Amino acid sequence: MKRILAIALVVLCAGTAMSQQVASRAKALRMLNFSRPEYQIKDIKVYTDTMTVYSLAEYIIYPFGQWSSVEQYITDNQLSWYRDIGYKKYYDSMEVSVNRMRRTDDSYIDLYYSIWTKKVELLGGYITDKDVQLVNGLHVGMSKDDVFKVFFKKYPKSYTSDVTVLKVISGAGEVAEIYTFRGQKLRHIKIETSYKYY
């Protein structure tokens, strides 16, 4: 009898997990239909409290815009930054100059000038300052609904009610923007890159 109960419990748990996966995938496919064309969203995955969006848009690589020098970025965004310059290893044989731009609340972005792209490239960042704004208008303190409206034309509110983390990842996976919510407000933005100094 115990053996039958154990088997029934395993089957029930497996069935529940599979139904949750199906529901998450159905939700993701429906959200895909609501995506804005300018972000070229190709896939969406929902797992517990995290929604991951895969985008082919160039914006994901350059969320602060495209600049030909770090000085141009500093001048054009009209914010006061503290600038630390350091060096990082490049293929273990040479070093490149990396600029850490910091705000008084310790928000930062790491930038370097690439001789291949002739642009300032982003290596990473962590933003908690409401004054730092991305090119598409996103900034800390926005409502969750307003953040999702940047990427989606419309959507059922129930689809995002449990989402506390929105990850927007470039098509090749080299850049990820991670938006973390507390309640109904955007608490911070984190930017991670998997490429280094090329």
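Could you compute the FRET efficiency for Lys153 and Glu192, with r as their C-beta to C-beta distance and R0 at 25 Å, rounded to 0.05?
0.35
Given a cut-off of 26 Å, name the pairs among Lys27/Lys153; Lys42/Lys118; Lys88/Lys144; Lys42/Lys130; Lys118/Lys144; Lys118/Lys153 whose C-alpha atoms lie farther apart than that in the structure shown.
Numbers: Lys27/Lys153 15 Å; Lys42/Lys118 28 Å; Lys88/Lys144 36 Å; Lys42/Lys130 30 Å; Lys118/Lys144 35 Å; Lys118/Lys153 34 Å.
Result: Lys42/Lys118; Lys88/Lys144; Lys42/Lys130; Lys118/Lys144; Lys118/Lys153 exceed 26 Å.
Once both labels are modelled 7 Å past Cα along the beta-carbon direction, what's the Asn33-Ser97 spacing in nm?
Rounded to a tenth, the inter-label distance reads 5.3 nm.
Can you give me the % of accessible surface on the stretch 117-198 that is carbon or sulfur? Probe 1.4 Å, all protein chains present, nothing else counted.
Carbon and sulfur: 50 percent of the exposed surface of the stretch 117-198.
What is the distance in Å between the Cα centres of the stretch 64-80 and the stretch 119-168?
21 Å
Could you work out the local net charge near Ser35, counting Lys and Arg as +1, Asp and Glu as -1, over the other residues with Cβ closer than 12 Å to its Cβ?
Taking every Cβ under 12 Å from that of Ser35, the sum is +4.
Can you give the direction-averaged projected area of the convex hull of the alpha-carbon atoms in the stretch 33-109, in nm²?
Convex hull of Cα atoms, orientation-averaged projection: 8.5 nm².
For the stretch 112-165, which trypsin sites (Lys or Arg not before Pro) are both in a DSSP coil and crowded by at most 14 other Cβ atoms within 10 Å?
Within the stretch 112-165, the qualifying trypsin sites (Lys or Arg not before Pro) (loop, at most 14 other Cβ atoms within 10 Å) are Lys118, Lys130, Lys153, Lys154.
Please provide three numbers in whole Å: the alpha-carbon extents of the stretch 37-190 along the principal axes, with the largest listed first.
Projected onto its principal axes, the Cα set of the stretch 37-190 covers 49, 32, 25 Å.
Can you check how the C-alpha radius of gyration of the stretch 129-177 compares to 2.2 N^0.38 Å, as a plain ratio? Provide the component values of the computation, followed by the final result.
Numbers: Rg = 12.0 Å, N = 49, 2.2 N^0.38 = 9.7 Å.
Cα Rg divided by the expected 2.2 N^0.38 Å: 1.24.
Does a label point 7 Å from the Cα of Trp116, set along Cα-to-beta-carbon, have any residues of the stretch 166-195 with amide nitrogen under 15 Å, and which are they?
Within reach of a label on Trp116: 172-175, 194-195.
Straight-line reach from Lys154: which aspartates and glutamates have Cα under 20 Å away, leaving out those fewer than 8 places along the same chain?
Cα-Cα hits under 20 Å: Glu38, Asp43, Asp49, Asp145, Asp146, Asp162.
Using the C-alpha atoms of the stretch 99-144, what convex hull volume per residue, in cubic angstrom, is computed? Spell out each step's value before the answer.
Values: hull volume 3.9 nm³, N = 46.
Each residue corresponds to 86 Å³ of Cα convex hull volume.
Once phi is turned into θ = phi - 60°, what whole-Hz ³J(HN,Hα) does the Karplus curve with 6.51, -1.76 and 1.60 give for every residue of the stretch 120-137, x standing for Gly and Pro?
After applying 6.51 cos²θ - 1.76 cosθ + 1.60, I find 7, 9, 9, 9, x, x, 8, 10, 10, 7, 5, 7, 7, 10, 7, 4, 7, x Hz.
Between Ile85 and Arg25, 0.36 nm times their residue separation minus their Cα-Cα distance comes to what?
This chain segment gains 17.2 nm when fully extended.
Name the residue farthest towards the positive end of the dipole of the stretch 51-198 from the options Leu79, Ile109, Met51, assuming +1 on Cβ of Lys and Arg, -1 on Cβ of Asp and Glu, about the Cα centre.
Of the listed residues, the answer is Met51.
Per residue, how big is the convex hull of the stretch 65-136 when only Cα atoms are used? Give it in Å³. Can you show the working numbers first?
Values: hull volume 6.9 nm³, N = 72.
Enclosed volume per residue, from the Cα hull, is 96 Å³.
Beyond 15 Å, what share of the Cα-Cα pairs of the stretch 113-198 remains, rounded to the nearest whole percent?
Of the Cα pairs, 62 percent sit more than 15 Å apart.
The values are calculated or read from the model by the stated rules, or taken from the named source; none is laboratory data. Every value quoted in this text rests on a predicted model; they were computed, and no experiment measured them. Because the Cβ atoms are built from the backbone with ideal geometry, glycine has one as well, and the counts that use them run over all protein chains shown. When the accessible area is computed, the model is the full protein with side chains, heavy atoms only, and any ligands, DNA or RNA have been set aside. Shrake-Rupley method; radii C 1.70, N 1.55, O 1.52, S 1.80 Å.
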